[in-house]
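Colleague: Structure provided below as structure tokens; questions to follow.
The values are calculated or read from the model by the stated rules, or taken from the named source; none is laboratory data. Because the structure is predicted, anything quoted here is derived from the model rather than measured. All Cβ positions, even for glycine, are placed from backbone atoms using ideal geometry, and neighbour counts span all protein chains on display.
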Amino acid sequence: MANSGGLAVEAVKVIALDGSVKSELPLPAVFSTGVRPDLVRRAVLSSQSARIQPRSNDYYAGKKNTAESLGVGLDLARVPRIHGANRAAFVPNVVGGRVAFPAQLEKIYHERINSKERLLALRSAIAATASAKLVAARGHAIAEGTALPFVVADDLKGLKSAAEFRDFLKKVSLWSDVERAKEGVKERSGRGKTRGRRWVKPKSILLVSDEAKPPLRLASRNFTGVEFADVGSLNVERLAPGGHAGRLTVWTESAFKKLDELYA
């Protein structure tokens, strides 16, 4: 499947913190990968299902007793009965008995995917971040004329406060997407709200750096939907939340240069 972004550029503009164009970089080869929505969805499902903790009942649950059938000729049902208490036990249809069809550990929860398919899905998800059509289809609010992929000078990593980060987003016309995410927060329906997941929060900007813990990571952490990732540990779930490729991604200059080295 051809890349939905229809990339025809060979150079990408590097934006300074004040919104001006600082320089240009060659477009990494990974952005020429065709966008594969089917593989991206499978890779996300595989990642999510790998976190499911298998559950089952104790094999001996309901069987830890002295129950034994008393036999025939006593005008009693021939179910096992506890010695000395004459109370039925062990079988599924009595109080304290075993479960008829308990959950089994043999059930396979993990949706497996080949390593080559997973890598192709990751490359595809990276390429989708350069497609304005796919980014808009995910619901991101981007200003008309915004060039993608969006690359920013490494000065971005040095921002230490939320105020500095907010000013940067306003100067490069990305603040509207954070506001969109904040307005889209809603309370979850059903029992989920009592189980540590009360609020449903839309995804906003993904910041990708070549460092694991720069000051930017702390400066951006309280903005709704904004996430931070290290370019060396990117995964499909971050780039395509819910299995939908085309997340609005901001790359630092150094991280963008590393893409060829890591994913070419």
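Colleague: Looking at Gly225, Gly246, Gly242, which is the one that is within 24 Å of Lys133 (Cβ to Cβ) and touching a Leu at 6+ places or on another chain (Cβ under 6 Å)? Please lay out each step first, then the result.
Modeller: Details: Gly225 fails: touching a Leu at 6+ places or on another chain (Cβ under 6 Å); Gly242 fails: touching a Leu at 6+ places or on another chain (Cβ under 6 Å).
Matching residue, one of Gly225, Gly246, Gly242: Gly246.
Colleague: Another question, then. Check the stretch 222-236 and report whether any residue there is farther than 20 Å from Ser32 by Cα, touching a residue at least 60 places away in the same chain (Cβ under 8 Å) and buried (at least 18 other Cβ atoms within 10 Å of the Cβ).
Modeller: The answer is yes; a qualifying residue exists.
Colleague: How many residues does the stretch 117-163 contain that are touching a residue at least 12 places away in the same chain (Cβ under 8 Å) and either of a type in the set (Phe, Trp, Tyr) or not in a helix (DSSP H, G or I) (or both)?
Modeller: Of the residues in the stretch 117-163, 20 are touching a residue at least 12 places away in the same chain (Cβ under 8 Å) and either of a type in the set (Phe, Trp, Tyr) or not in a helix (DSSP H, G or I) (or both).
Colleague: Could you list, in sequence order, all residues of the stretch 150-194 that are β-branched (Val, Ile, Thr), within 16 Å of Asn222 (Cβ to Cβ) and loosely packed, with under 14 Cβ neighbours inside 10 Å?
Modeller: The one that is β-branched (Val, Ile, Thr), within 16 Å of Asn222 (Cβ to Cβ) and loosely packed, with under 14 Cβ neighbours inside 10 Å: Val185.
Colleague: Another question, if that's okay. For the stretch 35-67, give me the residue count where each residue is surrounded by 13 or more Cβ atoms within 10 Å (Cβ to Cβ), of a type outside the set (A, V, I, L, M) and modelled with pLDDT under 95.
Modeller: 4
Colleague: While we're here: May I ask you to list the residues in the stretch 236-264 that are modelled with pLDDT under 95 and not in a helix (DSSP H, G or I)?
Modeller: Ala264
Colleague: Could I ask something else about it? Go through the residues of the stretch 90-109 one by one and say whether even a single one is surrounded by 10 or more Cβ atoms within 10 Å (Cβ to Cβ), in contact (Cβ under 8 Å) with a residue 60 or more places away in the chain and farther than 15 Å from Asp58 by Cα.
Modeller: Looking through the stretch 90-109, at least one residue is surrounded by 10 or more Cβ atoms within 10 Å (Cβ to Cβ), in contact (Cβ under 8 Å) with a residue 60 or more places away in the chain and farther than 15 Å from Asp58 by Cα.
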